[in-house]
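*Asks:* My structure is below; once you've seen it, I'll send some questions.
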Amino acid sequence: MPKRILTFLNKEFNGINEAALLLGGFAFLSQILGLIRDRTLASMIGAGPVLDVYYAAFRVPDFIYISIASLASITVLLPFLIEKMKGSEDNSKAKSFLNNIFSAYMIFMIVISIIIAILMPYLAHYIAPGFSPAQLASLVTTSRIMLLSPVFIGLSNMIGTVTQLFRNFFIFSLSPIFYNFGILFGIIYFYPICNQFLLGLLVYHIQLQPFLFSQSVFQRKTWKVF
């Protein structure tokens, strides 16, 4: 059974129209799940200080992702990986390139996240100037937790690049579905004892792992940058 599931998840789509329809369809489903997620948040937590802190806590991590972590996006990495794969039967150059990018990205993002986490008490006043002292304290803590998001989403984007390189569009298209499902599941069953956003990140990232290991993309653990 596990082998059949892996085979199904690793199915290749050679047609452009088929792949576009698949990605578009799952993107639409993801938007619906996102709407359900927001409605569930509003109904279970209610409009008020807690929800205000929750949404405000996304601002700094989202800015980091858009300005820095998006450099590890599919549109940036894919042309380089295709170039590295030319004339290499075992894709060793592409794997080495991805290993180096992975190492550099993780080191850089961890350093940035630590710096921002230290500065969060000062940044919180500019992010939400109208918040009370209690809300600001909660915003600092929540934002520090959310700083994990650009690290893991950027890493998942790199894995998503590899899945698309090998035309495995199905497993990539499932990623936003599992991400929203993880948050929704956390809201319903684990609030307030568990951070539902982290659960969404965990499900989103784990869902990509079967392909990653089946293709042996990261042959070894390395911290080599150049």
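*Asks:* Peptides 142-150, 156-164, 36-44, 55-63: what's the order by average Cβ count within 10 Å, highest mean first?
*Replies:* Per-residue mean Cβ counts within 10 Å order the peptides as 156-164, 142-150, 55-63, 36-44.
*Asks:* Could you order peptides 104-114, 25-35 by the average number of other Cβ atoms within 10 Å of their residues, highest first? Mind showing how you got there, number by number?
*Replies:* Numbers: 104-114: 15.5, 25-35: 13.8.
Ranking, from highest mean packing down: 104-114, 25-35.
*Asks:* Still on this structure, I have one more. What's the whole-number percent of alpha carbon pairs in region 91-158 lying beyond 13 angstrom? Before the final figure, lay out the partial values.
*Replies:* On the way: 1555 of 2278 pairs.
Pairs farther apart than 13 Å: 68 percent.
Every number in this text was worked out from the coordinates using simple rules, so none of it is lab data. In this text the structure is predicted, and so the values were computed from the model without any measurement. In this analysis, Cβ positions are derived from the backbone assuming ideal geometry, glycine residues included, and neighbour counts consider all displayed protein chains.
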